[in-house]
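Engineer: Here's a structure for you.
The values are calculated or read from the model by the stated rules, or taken from the named source; none is laboratory data. Just so you know, these numbers come straight off a predicted model, no measurement behind them. Cβ atoms come from the backbone with ideal geometry, glycine included; neighbour counts cover every protein chain shown.
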Amino acid sequence: MPTAALAGILIVTGWRLVSVQHARGLFRRHGALPAAVWAATLIVVVAVDLLTGVLVGLALAGIEIVPHLKRRYLVVRRHETKDGGLDMRLAGAATFLQLPQLEKELAAVPEGATVTLRTSHLSYIDHTTSEMIADWAERRTGGTRMPVDRSAPSHERRLANALPA
């Protein structure tokens, strides 16, 4: 196979993988820092190579959470409410490092339950965790609702912006 043809296939495939709408949504919902990490990763992948780009993206995402590593734990407490719903309280720092733990807790929520997510004791929530919670809420069927105080501090607004209205 000619190298030029292979290069063309790779360029078309790469172009389809890069979603400018995703980057705009990332900026709109989570601010400039996650969008800058995305853009820097893209630029390094194109300018250098895929492995270097991925490593740069991981390093930049790691730098974003460094100030929050002093509270690197995430505590999830679930309590049933009088009306049969669930009250979930998150405390600590919710970063991509705790995604498996949080995903396990969310998977244990019964289908159709009303979930009230309380994040007032979170010191930080990153965009990856916000997106994971939003994706979980969208996948749920049977009327799962997640009221969030949208006038709360910045980390709570980040989550509220990611959730469906």
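Engineer: For Glu131, all conditions in the list (1) acidic (Asp, Glu); (2) at pLDDT 85 or above; (3) crowded, with 17+ Cβ neighbours inside 10 Å hold save one; what is the number of the exception?
Structural biologist: Of everything listed in (1) acidic (Asp, Glu); (2) at pLDDT 85 or above; (3) crowded, with 17+ Cβ neighbours inside 10 Å, Glu131 misses just condition (2).
Engineer: For region 20-60: of the residues being in contact (Cβ under 8 Å) with a residue 60 or more places away in the chain and surrounded by 17 or more Cβ atoms within 10 Å (Cβ to Cβ), which is farthest from Asp135 (Cα to Cα)?
Structural biologist: In this case the residue turns out to be Pro34.
Engineer: Might you let me know whether region 30-42 holds any residue that is in a helix (DSSP H, G or I) and over 22 Å from the mean Cα position of the chain (by Cα)?
Structural biologist: no
Engineer: Also: Output yes when any residue across region 36-59 is out of contact with any Lys or Arg (no Cβ under 6 Å at 6 or more places or on another chain), of a type outside the set (Lys, Arg) and closer than 30 Å to Val115 by Cα, and no when none is.
Structural biologist: So far as region 36-59 goes, no, none of its residues is out of contact with any Lys or Arg (no Cβ under 6 Å at 6 or more places or on another chain), of a type outside the set (Lys, Arg) and closer than 30 Å to Val115 by Cα.
Engineer: Moving on. Within region 93-116, track down each residue that is within 15 Å of Glu138 (Cβ to Cβ) and at pLDDT 80 or above.
Structural biologist: Within region 93-116, Glu103, Leu106, Ala107, Val109, Val115 meet the criteria.
Engineer: For region 25-62, what are the residues that are within 27 Å of Gly8 (Cβ to Cβ) and charged (D, E, K, R)? Walk me through it before giving the result.
Structural biologist: Initially, region 25-62 is screened for residues within 27 Å of Gly8 (Cβ to Cβ), giving 38-57.
Hit for region 25-62 is Asp49, nothing else.
Engineer: When region 43-67 is examined, which residues are found to be of a type in the set (Asp, Glu) and part of a helix (DSSP H, G or I)?
Structural biologist: Of all residues in region 43-67, those of a type in the set (Asp, Glu) come to 49, 64.
Across region 43-67, the qualifying residue is only Glu64.
Engineer: So if I check each of Arg77, Arg89, Arg16, which one is over 19 Å from His127 (Cβ atoms), touching a residue at least 12 places away in the same chain (Cβ under 8 Å) and surrounded by fewer than 16 Cβ atoms within 10 Å (Cβ to Cβ)? Outline the logic, then answer.
Structural biologist: On the way: Arg89 fails: surrounded by fewer than 16 Cβ atoms within 10 Å (Cβ to Cβ); Arg16 fails: touching a residue at least 12 places away in the same chain (Cβ under 8 Å).
None of the other options fit; the residue is Arg77.
Engineer: Tell me whether region 38-49 contains one or more residues that are touching a His at 6+ places or on another chain (Cβ under 9 Å) and assigned by TED's automatic domain parsing to the domain that holds Trp136. First the steps, then the outcome.
Structural biologist: The initial filter retains those residues of region 38-49 that are touching a His at 6+ places or on another chain (Cβ under 9 Å), namely 38.
This time we only want the ones that are assigned by TED's automatic domain parsing to the domain that holds Trp136, so: none.
Within region 38-49, none of the residues are touching a His at 6+ places or on another chain (Cβ under 9 Å) and assigned by TED's automatic domain parsing to the domain that holds Trp136.
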